[in-house]
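The values are calculated or read from the model by the stated rules, or taken from the named source; none is laboratory data. Here the structure is a predicted model, which means the values were calculated and not measured. Methodologically, a virtual Cβ is constructed for each residue, glycine included, from the backbone with ideal geometry; neighbour enumeration extends over all protein chains shown.
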Amino acid sequence: MAEYKAPLEDIRFVLHNWLKITDHYKASGLEEAADQELVDAILEEGSKFSSEVLAPLNQTGDEEGCTFNDGEVTTPKGFKDAYEQYKANGWPSFAGETEYGGQGLPYSLAVALSEMVTSSNMAWGMYPGLSQGVIEALSAHGTEEQKQTYMTQLISGEWTGTMCLTEPHCGSDLGILRTKADPQDDGSYNITGTKIFISAGEHDLADNIIHLTLARLPDAPEGTKGISLFVVPKFNLDGNGQIADRNTVVCGSIEHKMGIKGSSTAVMNFDSAKGFLVGEPNKGLNYMFTMMNAARLGTGQQGQALAESSYQIALAYAKDRLQMRSLSGPKNPEKAADPIIVHPDVRRMLLSQKAYSEGCRALLYYTATLVDKERTAKDTEERVIAHKELSFLTPICKAFCTELGFEATNHGVQIFGGHGFISEWGMEQFVRDARITQLYEGTNGIQSLDLLGRKVLLDRLETLRVIQAQIKDFTKEAAKHKELKPYAKELKLLVKKWFFMTFNIARSAKKDKEEVGAAAFDYLMYSGYIYLGYIWLQLANTALNTLEAGSKQQKSKLATTKFYFERILPRVKTHAASIKSGADNLMDVDEDLF
């Protein structure tokens, strides 16, 4: 099987040519990262770690999986050693706040590293990855004592973190969670309840695990307004912040899963476990979104990263595998058959993988720069503008990128034919691993409702109008290139249709709220395809403006843009037709007829 190699050429193109990342860092007050040599050196080292240390453990980790024994979890062979190297290299502290031992490097640069880790070994990457949401939640809502106690160790990687939200009976409906928090005389709380589907809830990589846990106080109001957030360590700490006795939060079992088998997905039982309130009582749901938004962007990147891995291996196989002759005549007459890359259908799948991986990479990296801007904005207006655009793009990044990622990994299996269906090639693992990305951190149906309901309709289409204006303005710039003029014209027309479609949904929803739910998924996909068209138009424009005329990289960007606009973007017509059909064909069907 071909080995994963970080696509550094395209990553550099996105960061340096398109995003002009060092200029962005200077403008954001992140001068310590505003050095192209430093950025490239970090990318090189991340590439080596991912390809040389993590990638060889991906398939073996999937085959071995995690082992559960009496509340303890052992990760697959090599995972712990890899984590020790990860810590020794300083990767956990990469984007952490300097006040708590971090290096203070930008989130957008950490995202590039995260892609390489995830592409090479998604299951392993989840152990340090889950800590990021905990760090961000504590940074935004924790007391100074909590930050000093927990963030320093989380940022160093000595400890890892989890998000303990879901319970057996409630799934994503956190308003009906039952975990209780009883106040104690010393200011702590006894946390009692059961949480399920807790990624990295128990493992042997770190000395302590910090669980951010949702629970209810005795006098809490019902529903989502009565949820509070608590920090619950696996091991209690003494007065000096050192590990002391074991807390009464124990792993009851780990799930037997379809994919990401090297990542432990735990059932966590809290039996009067000692916890500490984060922020104000009954504000836990608000605080949760600090964790969830970071996790949603990370999940979107998982879809993109697996698309990249599958594409690399499928491409190598398609160039090497001999089968049948080209319809237009032999391309490899000295051999028994032609390589399958000569066949149009194989090219359709490869170009789809390429368009999804490279396009979603650019989308996710751009969204990461909005995180930088929100964090470093010098005034409130700048922060609000960045926040609104970030909020709009987050459900698209999570849901759209994972839908395309799953499609891309399925293409990888198909390109391999029967060999793709057996485990030794590793292609079916990508499919199994990618499937979870459409489910966790809020299913893609929930992301769709979030986009259409909260980010568009409740916003009275304000942010949508701003983004559509950005796209329309750019089409004027792109149209200056004769190669891009027809695509710019098409995109401008689709943006106009996008607005009127949204307006019609809003009008229909005033009569029947079910119209929002009926339209939501198709609306997100429609929006995603248009926005990715905007991304590809920008990438093609940048390639024409900054790359050597006729270079391989420039030709590649133009060819993929052509493919995307002519083969993929027309999918919006199907989504538009589904939206127009309304809710009746869904809601008027009697339950007995299912």
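Per-structure values
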quantity	calculated
Conditions (1) at pLDDT below 95; (2) within 28 Å of Gly65 (Cα to Cα); number of the one not met by Pro221	(2)
Single residue of the stretch 402-430 satisfying the filter (of a type in the set (A, V, I, L, M) and surrounded by fewer than 23 Cβ atoms within 10 Å (Cβ to Cβ)) that is nearest to Ser172 (Cα to Cα)	Val413
Flag for Ser119 being modelled with pLDDT of 95 or more, among the hydroxyl-bearing types (Ser, Thr, Tyr) and either over 22 Å from Lys373 (Cα atoms) or in contact with a Cys (Cβ under 7 Å, 6 or more places away or on another chain) (or both)	yes
Filter result for the condition that a residue is modelled with pLDDT under 95 and either surrounded by fewer than 23 Cβ atoms within 10 Å (Cβ to Cβ) or within 16 Å of Arg454 (Cβ to Cβ) (or both), over Ala377, Ala399	Ala377
Test for Ser556: is it polar (S, T, N, Q) and farther than 30 Å from Lys20 by Cα	no
Per-region count, the stretch 105-136, residues touching a strand residue (DSSP E or B) at 6+ places or on another chain (Cβ under 6 Å) and not hydroxyl-bearing (Ser, Thr, Tyr)	4
Unmet requirement for Tyr529, which otherwise passes all of (1) of a type outside the set (Asp, Glu); (2) touching a helix residue (DSSP H, G or I) at 6+ places or on another chain (Cβ under 9 Å); (3) over 14 Å from Ala355 (Cβ atoms)	(3)
Long-range neighbours under 8 Å by Cβ, at least six apart or interchain, first residue part of a loop (DSSP other than H, G, I, E, B) within the stretch 572-594, second surrounded by fewer than 17 Cβ atoms within 10 Å (Cβ to Cβ)	Ala583/Asp512; Ala583/Glu514
Candidate set from the stretch 276-296 (those that are part of a helix (DSSP H, G or I) and of a type in the set (A, V, I, L, M, F, W, C)); member that is modelled with the lowest pLDDT	Met291
From Thr502, Thr542, residue being within 29 Å of the chain's Cα centre (by Cα), surrounded by 17 or more Cβ atoms within 10 Å (Cβ to Cβ), over 25 Å from Glu403 (Cα atoms) and in contact (Cβ under 8 Å) with a residue 24 or more places away in the chain	Thr542
Residues of the stretch 234-251 classified as under 20 Å from Glu145 (Cβ atoms), touching a residue at least 40 places away in the same chain (Cβ under 8 Å) and either surrounded by 14 or more Cβ atoms within 10 Å (Cβ to Cβ) or β-branched (Val, Ile, Thr) (or both), total	1
Residue list for the stretch 323-373, filter: over 30 Å from Leu19 (Cα atoms) and in a helix (DSSP H, G or I)	Ile340, Ile341, Val342, Pro344, Asp345, Val346
Residues located in the stretch 49-82, provided they are over 23 Å from Ala434 (Cβ atoms) and either under 22 Å from the mean Cα position of the chain (by Cα) or of a type in the set (Val, Ile, Thr) (or both)	Thr67, Val73, Thr74
Search result, residues across the stretch 281-325 that are among the polar types (S, T, N, Q), surrounded by fewer than 24 Cβ atoms within 10 Å (Cβ to Cβ) and touching a residue at least 12 places away in the same chain (Cβ under 8 Å)	Asn282, Thr290, Asn293, Gln312, Gln323
Odd one out for Pro333, checked against (1) modelled with pLDDT of 95 or more; (2) surrounded by fewer than 18 Cβ atoms within 10 Å (Cβ to Cβ)	(1)
The stretch 56-104, residues that are among the aromatic types (Phe, Trp, Tyr) and over 30 Å from Gly29 (Cα atoms)	Phe68, Phe79, Tyr83
Selected residue (only one of Gly517, Gly533 is under 22 Å from Glu407 (Cβ atoms) and touching a residue at least 40 places away in the same chain (Cβ under 8 Å))	Gly533
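Okay, residues lined up against (1) in contact (Cβ under 8 Å) with a residue 40 or more places away in the chain; (2) assigned to a strand (DSSP E or B); (3) under 30 Å from Gly426 (Cα atoms):
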position: Gly187; (1), (2), (3): yes, no, no
position: Thr194; (1), (2), (3): yes, yes, no
position: Leu205; (1), (2), (3): yes, no, yes
position: Leu212; (1), (2), (3): yes, yes, no
position: Pro218; (1), (2), (3): no, no, no
position: Ser253; (1), (2), (3): yes, yes, yes
position: His256; (1), (2), (3): no, no, yes
position: Asn269; (1), (2), (3): yes, yes, no
